[in-house]
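Heads up, the thing below is written out as structure tokens.
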């Protein structure tokens, strides 16, 4: 018999920020003992909604009802006391303290004079750890645990309160398959205790495996709830983006040129081993795999940010060693990095300065920087990439994510690279800009650029690549041509399963 | 919607706040002592600020690149003592380049530690403050330095001469400011300094050699210190070996007053010059009003904290921190 | 995660190993190079070592807590001096004239109160304005020193109270008064950091402030209390030292912060906060004092000693950087 009172209900939540209505009357409910997925594109409002639930933002209108009681969430701590627990992507643990101290952070059992009551602390912690059936001990230093185990510590925290709802935000991003199984078991256990679970993820496979219902947000609005058993990916995607996703791969219209890059047996300690691939001009080589598979690390090695421990790199047929980013640039390699704010842009500088940074030493008039030449470059790529900005003086920090990404891409295109590596080209970017960038990559290939695209989004890597390198745990599992790749065999490859052609 | 939001007004106040506060000070001081705004006094303040100002120019580079330099005070003592000592031993013509070379070596060492070895600049330059002080003491044997024959040398021209009616130290300060300002705003190197301070990771990912940029900033700081030492030595023709002691904090106060963020990535030479002048006038004003010399220390403390507080309050939009 | 293990192990063991190495080295070298006849590891010498470690040691214990909490205090030298001035001067104040030797505890209390108040000023500013501790205390380093100079200009402040001097010079159970204070402070604060909620929270705040805040730990009061602790300890250090010496120069204590930080970092506390141990700090203090003594024993002058210590600081900073790579190989930035 299912309990008819939702564990947690949101009604008509409205939240506006200056100029933007992030949540427009969102309502949805989570039943006790159900796993309820919350899906939506980046910018749909999921994280704002969660922040409202978590007490970080106050809604402008609407109600939060826990059980049957309307509640105001005023802070993360207070939300937790009402039974709402978050398991974030960025774990909030203190590495130097023990598991027990982390679980009871801010709530250490006390004796007189502020002394810690160790026996009680360890006893309570041991009880919780037993429930979760974990392999580590309450006294272990948290920094010494694997990421999966650290996540368990976070979940254990949920069990210290009478949790009504637990919210998971992309929990499987850094987990191996075995670790995922453990996590799903724990979630199943929480279900039996009547806890309502909100599961935020982009991974369709998981959603269809463990959830009971799926709610979708789009552009700050609630779009509907589907019963997982009665729906499919296409229907969910339709709700998320309002149109069917075009998964057809762009037909290759041009021939490939000579070999721009060849990598043989490249290794870098534990990060990746024995990686080999080729890249021709006009070709887009996709790298697909889970976080930690080694893709970004390969890019960093090619860009001189890491020294390989073995193997060879050939640029235009000539064996080369790349010692630093400056060296890589001089050899014609450009890298559009994974994290545009932390690695790709100086947010406090204007658009033009950001765009010309790698070549500022070469754009000279005497000893001075030739500003005219800089502005010309900016204008050129602003037009070519359709970058929306009031002018070159605008601080890059004020641009939208999509436009920021275009500045970074323009920055590297203006270097006319032999090899262009793009790491997560559309992370955190709205759907419209996403497809612009995909089209851009295809058109650059048509112009003869040799491009490597690293991506964690299957539709993207299938759409944009001519061949796909599937990586798992630092090794190349398989390199697929676009004729032989299917979603299934690609997923299997990156999950560590060796497969043969035709399976 | 016309008009500015509260946050905008806050930011405006913050940026101009320092100038407004300064204006208030000037009025206050003038009312207290009419000598304050006399041409003689103004000239005196500018002249005595010149030496500090020269040092502040170099430190501006270091701060924009995201680091600190607390060694400038004792480094300046070192330069002053060395050039005075060598003046009598090998003559001014050789003493000056020799002193520059030695001072630049010190700067290079610091630049190596902070730039190439990536050590914490606060701790390193704090340690160097002590080390260079020790070095100066050893070099001078603990004694003061004096030029034996003060009349018979052209050395005094730097500190005491005038050119076109302007005292040489002021001229040097302004010319150096103009020169360094151009380097900072118009050359590739200057652009790189801002990039390294603004986002060192992004700078590296753009092919900028961060270690070299940081190293060169410390060299510039040392070069400015050497100039300051020259001016000081030439001005007094003799010196105690603690002449520069404590100046690093005044320099830092001036740079912060000028609006440079200690997190790196912002600030300009022009703003530092303003900061130097503001500090100079405030210290002068305090003296004219009759307050004890050491009150300046307390005032500088308050200034540093207020200036940084205003800067970060403007950035976060709130006066008080949100630390619970 | 392996790096964390290695670094903790290295750091907790290393400092004591280093001390033993020093003892051996200087004992042996002393046989050949020393000017005096006495052996290096002479009992009196070692007892003196402990006593001489007290001034820096007491402050270093406080600095450890402040650094674990994610802050730093550069004004300790100035607090030290100002407390000393209050200590000695207050013994001559007319209001206390009738107290006779009972003025001693009163003066002690005033000096300690000075330290607490100055520490509280720093703490409140860091808490309420959000300005980083190193700037706040850098300014205070100057401001508090200004207060010292404002007291008596450039003249020393002195007062000799023989009862006090006798107490300070005494030895109880073989250890000097100063040594007892050092051991007491170390013991009490080790317990606080290891076994009280305040101490454990300090680790949490320094390690992952956001997590601490989300767990409901109030960062502000912890910052304030820790600054008051170090202010108190800087004053206590002055009380212990100047009770015996009887005269303080306004420049005294200059650069104490450097020695203290060197000892604390040498003992394994991270500059970035969240990790460190009081006992290891004591090790760091002893290691440096031992170095000073040892080098002096074999005839090196003060400048050489300072140079060696400076080099050690650099080496430790380098090591601190190397061992703090959290598991993944770092990028060559």
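Just so it is clear, none of the values below were taken in a lab; they were calculated from the coordinates. Fair warning: this is a prediction, and the values are worked out from it, not measured in the lab. Don't worry about glycine lacking a Cβ; one is built from the backbone with ideal geometry, like all the others, and counts go over all protein chains shown.
A few notes on this one:
- Average other protein chain Cβ within 10 Å of Cβ, residues C:269-278: 2
- Fraction of C-alpha pairs exceeding 46 angstrom in chain A: 18 percent, rounded to a whole number.
- From the alpha carbon centroid of the stretch A:344-399 to that of the stretch B:255-309 is 34 Å.
- Whether chain C is rounded, prolate or oblate, judged on the alpha carbon gyration tensor where a/c under 1.5 counts as rounded: oblate
- DSSP-defined antiparallel bridges as percent of all bridges, the protein assembly as shown, nearest 5: 60
- Helix A:147-158 axis versus longest C-alpha principal axis of chain A: approximately 30°, rounded to the nearest ten.
- Remark on the stretch B:127-181: Rg and Dmax equal 16.2, 42 Å (Cα only).
- The Cα-based radius of gyration and maximum Cα-Cα distance (Dmax) for the stretch B:152-225 are 17.0, 57 Å.
- Size-normalised alpha-carbon gyration radius of the stretch C:123-261, reference 2.2 N^0.38 Å: 1.27
- Cβ-Cβ distance of residue C:109 and residue A:126, R₀ of 56 Å, FRET efficiency by 1/(1 + (r/R0)^6): the value works out to about 0.75.
- The Cα center of the stretch A:22-75 and the Cα center of the stretch C:74-120 differ in position by 57 Å.
- Rounded FRET efficiency, nearest 0.05, which uses the C-beta distance separating residue A:188 from residue A:339 and R0 of 25 Å: 0.15
- A full extension of the chain between residue B:138 and residue B:88 corresponds to an added length of 16.2 nm, given 0.36 nm per residue minus the alpha carbon distance.
- Zone residues, the stretch B:271-287, relative to residue B:35, backbone N less than 13 Å from point 7 Å out along Cα-to-Cβ: B:284-287
- Other protein chain C-beta atoms within 10 Å of residue C-beta, averaged over C:221-228: 1.
- Computed per residue of chain B from DSSP H runs no shorter than four, each worth -39500 (n - 2.57), the mean residue ellipticity at 222 nm is -24000 deg cm²/dmol.
- Placing one equal scatterer on every Cα of the stretch C:195-295 and applying the Debye formula, the log10 ratio I(q)/I(0) at q = 0.11, 0.19 Å⁻¹ is -0.45, -1.09.
- Sorted by Cβ neighbour density within 10 Å, fewest at the top, the residues B:234, A:323: A:323, B:234
- For the stretch B:240-324, the fraction of C-alpha pairs farther apart than 19 angstrom is 45 percent.
- Over the C-alpha atoms of the stretch C:123-187, the Rg to Rh ratio, Rh being the Kirkwood estimate, stands at 1.18.
- Kirkwood hydrodynamic radius (C-alpha pairs) into Stokes-Einstein, the stretch A:343-416, 37 °C and 0.692 mPa s, D in µm²/s: 272
- For the stretch B:186-243, the calculated P(r) over all alpha carbon pairs, in 10 Å bins from 0 to the bin holding the longest distance, is 21, 35, 18, 19, 6 percent.
- Largest-first ellipsoid semi-axes for the stretch C:39-141, taking √(5λ) over the Cα gyration tensor eigenvalues, angstrom: 28, 25, 9
- Other protein chain C-beta atoms within 10 Å of residue C-beta, averaged over A:137-146: 3.
- Neighbour counting of Cβ atoms within 10 Å sorts the residues A:387, B:304, fewest neighbours leading, into A:387, B:304.
- The separation of the stretch B:145-192 from the stretch C:240-288, counted between C-alpha centres, amounts to 41 Å.
- The three principal axes of the C-alpha atoms in the stretch C:175-223 carry coordinate ranges of 46, 17, 14 Å, sorted with the longest axis first.
- The distance between label points at residue B:175 and residue A:383 comes to 4.6 nm (points 7 Å beyond Cα on the Cα→Cβ vector).
- The protein assembly as shown: radius of gyration and largest Cα-Cα distance (Dmax), Å: 32.8, 107
- Multiplying the residue separation of residue A:255 and residue A:74 by 0.36 nm and removing their Cα-Cα distance gives an extension gain of 59.1 nm.
- Across the stretch A:8-241, the relative contact order, built from alpha-carbon pairs under 8 Å that are at least six residues apart, equals 30 percent.
- Mean ellipticity per residue at 222 nm, deg cm²/dmol - from DSSP H runs of n ≥ 4 across chain A, formula -39500 (n - 2.57): -9000 deg cm²/dmol
- The Rg/Rh ratio for the stretch A:124-176, using Cα coordinates for both the radius of gyration and the Kirkwood hydrodynamic radius, is 0.95.
- Here the stretch A:27-129 is treated as a Stokes sphere of Kirkwood radius computed over C-alpha pairs; at 4 °C and 1.567 mPa s its diffusion coefficient rounds to 79 µm²/s.
- Convex hull (Cα only) mean projected area of the stretch B:91-208, reported in nm² to one decimal: 10.5
- Rg to Rh, two decimals, where the stretch B:42-244 supplies the alpha carbon set and Rh follows Kirkwood: 1.00
- Using alpha-carbon coordinates, inclination of helix A:177-192 to the longest axis of chain A, degrees: 30
- Ordered by the number of other Cβ atoms lying within 10 Å of each residue's own Cβ, fewest first, C:169, A:262, A:297 fall into the sequence C:169, A:262, A:297.
- Within the stretch C:240-305, the percentage of alpha carbon pairs spaced more than 19 angstrom apart rounds to 50%.
- Divided by 2.2 N^0.38 Å, where N counts the residues, the Cα radius of gyration of the stretch A:442-490 comes to 1.17.
- Spacing of the modelled spin labels on residue C:172 and residue A:371, each 7 Å from Cα toward Cβ, amounts to 7.3 nm.
- Principal axis analysis of the Cα atoms in the stretch B:72-154 yields extents of 47, 24, 15 Å, listed in decreasing size.
- Expressed as a fraction of 2.2 N^0.38 Å, the value expected for a compact globular protein of N residues, the C-alpha radius of gyration of the stretch A:8-241 is 1.04.
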